[in-house]
Amino acid sequence: MLQKMYDWIDERVDITPLWRDIADHEVPEHVNPAHHFSAFVYCFGGLTFFVTVIQILSGMFLTMYYVPDIENAWKSVYYLQTEVAHGQIVRGMHHWGASVVIVMLFLHTLRVFFQGAYKKPRELNWMVGVLLFFCMLGLGFTGYLLPWDNKAYFATQVGLDIAGQVPFIGDWIKTLLAGDVSIVGAQTLTRFFAIHVFFLPGALFALMAVHFLLIRKQGISGPL
Amino acid sequence: MHKGKGMKFVGDSRISADTKPNIPKDYSEYPGRTEAFWPNFLLKEWLVGAVFLVGFLCLTVAHPSPLEGMADPTNAGYIPLPDWYFLFLYELLKYDFASGPYVLFGIIVIPGLAFGGLLLAPFLDRGPGRRPHQRPIAVGMMLLGVASVVWLTYESSSHVDWEARAEANKPEPTVQVDIDKDDPGYAVFQDNCTSCHGDDLQGGASAPSLVGIDHSADEIKKIAQEGTGDMPPGIFKGSDEELQQLADFIVSVNEQAK
Amino acid sequence: MSEKKQQVSRRQFLNYTLTGVGGFMAAGMLVPMLRMAVDPVLQPSAAGELVNVKIAVDDLTNEPQRVDWKIDQVDAWYESKVDKAAWVYKDDNGDVVALSPICKHLGCFVSWEGSEEFPDQFYCPCHGGRYTKDGVNVPHTPPNAPLDVYETKIKDGMLFLGEAKPQGEA
C-alpha cells in the first residue's frame, strides 16, 4: 500500500533522487563516535540544529498565548506561566533552549576552528556559520524583551543606548529598532516581536539551508 | 548524459520516464570503516539527541523559566543586566579604555575586530596546515578571545547576587485564596464592602486588598464601623451578629493566605 | 546473517529502531506543547453565576420587556464588562420567562413586535424570522429552533439571570 503510494508519487515527481541525496551517503570513520569516542565533538552541530528545531516549535506554540502589546504582554506571559497546563514547561523549553543553543553553537564553532575545518574549500560555509551565530545572538537579544518584565525592559534600554552611541548613524539605528528616538515602549515591543518572529527566523532558515547544502556538496572535512 | 531526441518523459513534464539507478557518492577515499548515514549513523546521532532531550526536559522542569514583575519604566532603582551571553560585552564597557571618551573603542573597535576576525578567519589564516600547532597565531588569537570572553563573563556575574536579585524582582505575589461564598460572613461582606474592596476581597481603586492583612477580629470590627485611613466611619450597616460574622470571615480568609 | 529465512534484516531492524527513537524525540518535544495548545478545550466550562439584573419581579408584566445588564467576563488575561440583554415577561402561570434576543438563524437581534405586520411575535429584522411569545419559531420562517431561554432566579423580589440555554435543555 505504502509502496504503491510512493511509486505513484515517484513516477510523477521523481522524488527518489531527492531523499537519496540526503540519506544515501557513507559516513567516514573519523566522525563516528562508535569507532573513536573523541568524535563526539562532531555532535555539537547536530545538537545545535536539534535545539533550533525545539526553539522553532516551542516558539510557534508560545505565540498562541502571547500578545506583543505593552499592556498585555506581561499579563499574557504570566497567565501562560501560571494558569495554562504545561505552559511553564513550554516557556521553559524556549527560555532554556535559547541559552543551550548559544552554548552548542559556541562548542560547534570551537570544534570547527581548532580542527581548521574552515580552510579551503570551506571558507564560505564558515562565513555562513558565523552569520548564523550573529542571527542567533540577534534572536536572543530581541526575544529577551518580549515578556516585558523589568529585566527585559532595562536590558533593552541599555542595548539600545549602546546602539545609539555608534557615530553618525547611531540615532538612526536606535530609532529604527525602537520605533522612537527616546521611548522604549509600544513600538519597540512590536518591532522586536516582528524581528524575533519573522525577520531573523527568515534569515536563519535561509542561512541554515545554505549551510546544510554546502555540507552535502563539499562533504565533511577529512581527519586531521 | 542522455540528451535530445529519444528522451521519454512522464506526460508533458520534465520528469524522465526511465528510472536510473541511484548510485551513492563514492567515499572510498576516506580511510577506515565508513558507515551508511541512513540508518546506521543517524540512529547513533538520534540516540545522542534523545539523551540530550531527556536532560534538557529535566532542566526545564527543575528550573521554571524566570519572570520578573511587569516592566515599570519609573523603577529608578533597577540595575539592568543583559542575558548571560551578552554579559561579556556589558562588562567590557565598564573599563576605562572602553568607556567615556573611548566608548567607540568599546562598542565598535574591539567587538568589530573580534567578530570581524571570526567572520574572516579563513582569509586571515590561509596556510595549508589544519592542525592547531601548524597555525599558532590563529589558535593563539582564538584562545585569547575565548579566555577573555570567559573571564569578562565571570567578572560580570561574580558581582551579582543572583538569588537576592531574583527574590527582589519577583512578580507581585498574587495570593490564591478560596473564598467560601456560602459563608454567612461573605453575604454580610457583599452587602457592605464589595463596592470598594471587590467581590474577592482583592481591593480596587479606592480601597486596598483585604487579603494578606494582619488584623484581629476585634480590630476588623472596629475598622468596619469607625473607618481607617481613607475609609470613612459608618460604612458598615448591620447588626452586631453580622459584624461578628464579617470579622470572622475576613480573618478566616487571611489565615488561608498565610 | 547465515540463516536464509531471516524475518528482519539488519537494515530493517535499524530502520525500526530509528523510527522508534525519532518518535520518542518528537513525542518528548511535542507532548508538552500540544498539551498547552489544547488546554482551553480541556478547561471545565465555568458555571455562570446568576446576576442581579436590577429589576423587581413585581414590575414585570405579561408584555415582554427588554432588560439590559452587564456581566464581568474574564477572558484569560483580559477582564471586561460585557453587555447582555433579554426579553422578560410573566407567563400565564405568573412564572418569569427570560428569552435570549439572539435569533437562532444567524444571530441577529430580535425585537418584540419588531414588525407591525406581526403583533404578538418576536421579529428578526435580518431575514424576517419570527417567534411566538414563548420563543417558539414560527414555521416557514428562517429560524429552525426556538429562542434560548435564560436561567432565572428570584431573590428578595429581584430578578437574577444566568446563562442562556437552548429550550428543552434548560
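The values are calculated or read from the model by the stated rules, or taken from the named source; none is laboratory data. Please read these numbers as outputs of a predicted model, since none were measured by experiment. A quick note on method: Cβ atoms are made from the backbone with ideal geometry, for glycine too, and the neighbour counts reach across all protein chains shown. Note: areas computed on protein heavy atoms with side chains; ligands, DNA, RNA excluded. Shrake-Rupley method; radii C 1.70, N 1.55, O 1.52, S 1.80 Å.
In segment C:86-132, the C-alpha radius of gyration followed by the widest Cα-Cα span (Dmax) gives 11.0, 33 angstrom. Within the shell of other residues whose beta carbon sits under 14 angstrom from the beta carbon of A:Gln165, the net charge comes to -1, with Lys and Arg scored +1 and Asp and Glu -1. Computed over chain A, relative contact order equals 20 percent, with contacts defined as Cα pairs under 8 Å that lie 6+ residues apart. Under the criterion of Cα pairs below 8 Å and six or more residues apart, the relative contact order for segment A:1-82 equals 10 percent.
Taking the C-alpha atoms only, the angle from helix B:136-158 to the longest principal axis of chain B is near 0 degrees.
Chain A and chain B together bury an accessible surface of about 7500 square angstrom, both sides counted, with a 1.4 Å probe and no ligands or nucleic acids included. If you fit an axis through the alpha-carbon atoms of helix C:10-37 and take the longest principal axis of the Cα set of chain C, what angle between them do you get, 0 to 90°, nearest 10? So the inclination is approximately 30 degrees. When A:Thr190, A:Thr48, B:Thr19 are compared by accessible area of protein heavy atoms, the largest-first order is B:Thr19, A:Thr190, A:Thr48, using a 1.4 Å probe. Solvent-accessible area per residue in chain A equals 47 Å², computed with a 1.4 angstrom probe and all protein chains kept.
Estimated translational diffusion coefficient (Stokes-Einstein, Kirkwood radius over Cα pairs, 4 °C, 1.567 mPa s) of chain B: 47 µm² per second. Karplus-based coupling profile of segment C:78-90, in residue order and whole Hz: 10, 10, 8, 9, 10, 6, 10, 9, 8, 9, 10, 8, 9, with θ = phi - 60° in 6.51 cos²θ - 1.76 cosθ + 1.60 and x standing for Gly or Pro. When the alpha carbon coordinates of segment A:119-202 are projected onto the principal axes, the ranges are 47, 31, 20 Å, largest first. The local environment of A:Thr142, defined by Cβ-Cβ distances under 13 Å, has a net charge of 0 under the rule Lys, Arg +1 and Asp, Glu -1.
With the convex hull drawn around the C-alpha atoms of the protein assembly as shown, the volume per residue stands at 310 Å³. Isolated cysteines in the protein assembly as shown, defined as those with no second cysteine Cβ under 4.7 Å, comprise A:Cys43, A:Cys135, B:Cys58, B:Cys193, B:Cys196.
In terms of distances greater than 18 angstrom between alpha carbons, the cross-link table entries C:Lys54/C:Lys133; C:Lys54/C:Lys90; C:Lys133/C:Lys155; C:Lys90/C:Lys155; C:Lys84/C:Lys153 yield C:Lys54/C:Lys133; C:Lys133/C:Lys155. Distance from the C-alpha centroid of segment B:42-79 to that of segment B:87-144: 29 Å, rounded to the whole angstrom. Based on Cα atoms of segment B:80-168, Rg over Rh with Rh as the Kirkwood radius reads 1.09.
Dividing the summed helix terms, -39500 (n - 2.57) for each DSSP H run of n ≥ 4, by the number of residues in the protein assembly as shown produces a 222 nm estimate of -14500 deg cm²/dmol to the nearest 500.
Contact order normalised by length for chain B, with contacts defined as Cα pairs under 8 Å and 6 or more residues apart; what percent is it?
Numbers: 165 pairs, mean separation 34.1, N = 258.
In percent, rounded to a whole number, it is 13.
Seen against the Cα atoms of chain A and their longest principal axis, helix A:200-218 is set at about 20 degrees. Translational diffusion of segment C:51-165, estimated by Stokes-Einstein from the Kirkwood radius over alpha carbon pairs at 20 °C in a medium of 1.002 mPa s, is 145 µm² per second.
Looking at segment A:45-124, the GluC sites (Glu not before Pro) that sit in a DSSP loop and have at most 15 other Cβ atoms within 10 Å of their own Cβ are A:Glu71, A:Glu83.
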